[in-house]
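J.: Handing you a structure now.
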Amino acid sequence: MRLALQTDYALRTLLFLATRTGRTTVLDVAEFFGISAHHVGKVVHQLGRLGYVRNRRGPGGGIELARPVGEITVGRVVLDFEGNAHLLECVGTPGVCAIQPGCTLRAVLAEAERLQMDYLNSVTLEGLLPRPLDLAVFKA
């Protein structure tokens, strides 16, 4: 699976917001990652429509997470932005291939997709956050 740029930006934006307290701006996200503010703005709009972030306009406005970090999974974000991106069309659409009824490759690819999504759904935004460095480990 190869993720679209929009999905990449969505995941990066969510991670950025998860490391901040309070509101931040689209420009802050764009500058941090060195990417287009216009593209980040489009992604943030979609994240807002999907209920991942709250967008506030005007003075004192900005963007912030709308859900707890432990409730946002990578798999859900990928599915929301990519849709059902099957490895081959036959995995998700019946009747597109003459050998589909007895095809073992289709079953293998379907299982690979299932395993991948199960794993991505088990990873929350909280699990991706950097951990504070425990300096006690380095004491002699």
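The values are calculated or read from the model by the stated rules, or taken from the named source; none is laboratory data. Worth saying up front: this structure is predicted, and the values here are computed from it rather than measured. Cβ: placed from backbone, ideal geometry, glycine included. Neighbour counts: every protein chain shown.
J.: Between residues in the range 9-26 that are closer than 19 Å to Phe81 by Cα and assigned to a helix (DSSP H, G or I) and residues that are modelled with pLDDT of 95 or more and small (Gly, Ala, Ser), which pairs lie under 8 Å by C-beta distance while being six or more apart or on different chains?
T.: Close Cβ pairs (under 8 Å, with a partner that is modelled with pLDDT of 95 or more and small (Gly, Ala, Ser)) amount to Val26/Ala37; Val26/Gly41.
J.: So in the range 115-140, with the set limited to residues that are under 30 Å from Tyr52 (Cβ atoms) and loosely packed, with under 11 Cβ neighbours inside 10 Å, which one is modelled with the lowest pLDDT?
T.: Here the answer is Leu133.
J.: Next question, about the same structure. Considering only residues that are closer than 19 Å to Gly22 by Cβ and either out of contact with any helix residue (DSSP H, G or I) (no Cβ under 8 Å at 6 or more places or on another chain) or not aliphatic (A, V, I, L, M) (or both), which ones fall in the range 34-50?
T.: Scanning the range 34-50 gives a single hit, Gly48.
J.: Working only within the range 27-51, note down all residues that are among the hydroxyl-bearing types (Ser, Thr, Tyr) and touching a residue at least 40 places away in the same chain (Cβ under 8 Å).
T.: The answer is none; no residue qualifies.
J.: Still on this structure, I have one more. Could you tell me whether the range 97-114 includes any residue that is under 23 Å from Arg12 (Cα atoms), among the basic types (Lys, Arg), surrounded by 13 or more Cβ atoms within 10 Å (Cβ to Cβ) and free of Cβ contacts under 8 Å to residues at least 60 places away in the same chain?
T.: No: zero hits.
J.: Here is a follow-up. Any residue in the range 53-71 that is in a helix (DSSP H, G or I) and either among the charged types (D, E, K, R) or at pLDDT below 90 (or both)?
T.: Scanning the range 53-71, I find at least one residue that is in a helix (DSSP H, G or I) and either among the charged types (D, E, K, R) or at pLDDT below 90 (or both), so the answer is yes.
J.: Turning to a different aspect of this structure: Of these, Thr24, Thr73, which one is under 21 Å from Met117 (Cβ atoms) and surrounded by 15 or more Cβ atoms within 10 Å (Cβ to Cβ)?
T.: Thr73
J.: Give the residues of the range 51-70 that are exposed (fewer than 15 other Cβ atoms within 10 Å of the Cβ) and out of contact with any Gly (no Cβ under 8 Å at 6 or more places or on another chain), sorted by residue number.
T.: Those that are exposed (fewer than 15 other Cβ atoms within 10 Å of the Cβ) and out of contact with any Gly (no Cβ under 8 Å at 6 or more places or on another chain): Gly51, Arg57, Gly58, Pro59, Gly60, Gly61, Pro68, Gly70.
J.: For the range 61-91, name all the residues that are in contact with a Lys or Arg (Cβ under 8 Å, 6 or more places away or on another chain) and on the phi > 0 side of the Ramachandran plot.
T.: Gly62 - this is the single residue of the range 61-91 that is in contact with a Lys or Arg (Cβ under 8 Å, 6 or more places away or on another chain) and on the phi > 0 side of the Ramachandran plot.
J.: OK, next. Out of (1) out of contact with any Asp or Glu (no Cβ under 8 Å at 6 or more places or on another chain); (2) within 25 Å of Pro130 (Cβ to Cβ); (3) not in a loop (DSSP other than H, G, I, E, B), the odd one out for Arg106 is which?
T.: Only one criterion is unmet by Arg106, namely (2).
J.: What's the number of the condition Gly48 fails, among (1) crowded, with 17+ Cβ neighbours inside 10 Å; (2) in a helix (DSSP H, G or I); (3) of a type outside the set (Val, Ile, Thr)?
T.: (1)
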